[in-house]
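Coordinate-derived values only; no laboratory data. Quick caveat: nothing in here was measured; it's all calculated off a predicted structure. We place every Cβ from the backbone using ideal geometry, glycine too, and count neighbours over all the protein chains shown.
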Amino acid sequence: FSSKPDPYVVVRHGSIVRKTQISGNSLKPRWYYRSMVPFYSKRGFHITLYDANVLEKDDIIGRAWIGPLGAASMIESGEAEVIPIGHNIGKIRMRISCPANLKDRKLPLDFKNSVLSKSACAIPLLKEKETK
């Protein structure tokens, strides 16, 4: 027998890992998840969509990557972006934002002497997931 997937998202940024709740039995899951993570300007975000399994290892449904420049651009714009998960699998809508008191510093797009890469300021990470 087959059923709909039980998807969840794992986001990795350096050694930091954050995971959403499982959206049971859904082809169009939605998560409104927010987490504070340090932002390392020389590291990107690895996004992996899994299907939770009870008796077996969880299956990977798809993956995406936001590079360091893309992450810095998302922080500066403050807008959510739609990112494809794998080839023809689905998409994730994700926003990376920075608290107002830190955003006023103007995040550098050139990371050579970045204050943020040394101090790793905390930013909220908000993601909303939709698959096909």
Tell me, what HN-Hα J-couplings in whole Hz come from the Karplus equation 6.51 cos²θ - 1.76 cosθ + 1.60 at θ = phi - 60° for each residue of the stretch 4-19, using x for Gly and Pro? 6, x, 10, x, 8, 10, 10, 10, 10, 9, x, 8, 8, 10, 10, 9
Write out the chymotrypsin sites (Phe, Trp or Tyr not before Pro) in the stretch 13-65 meeting two conditions: DSSP loop, and at most 12 other Cβ atoms within 10 Å of their Cβ. 32
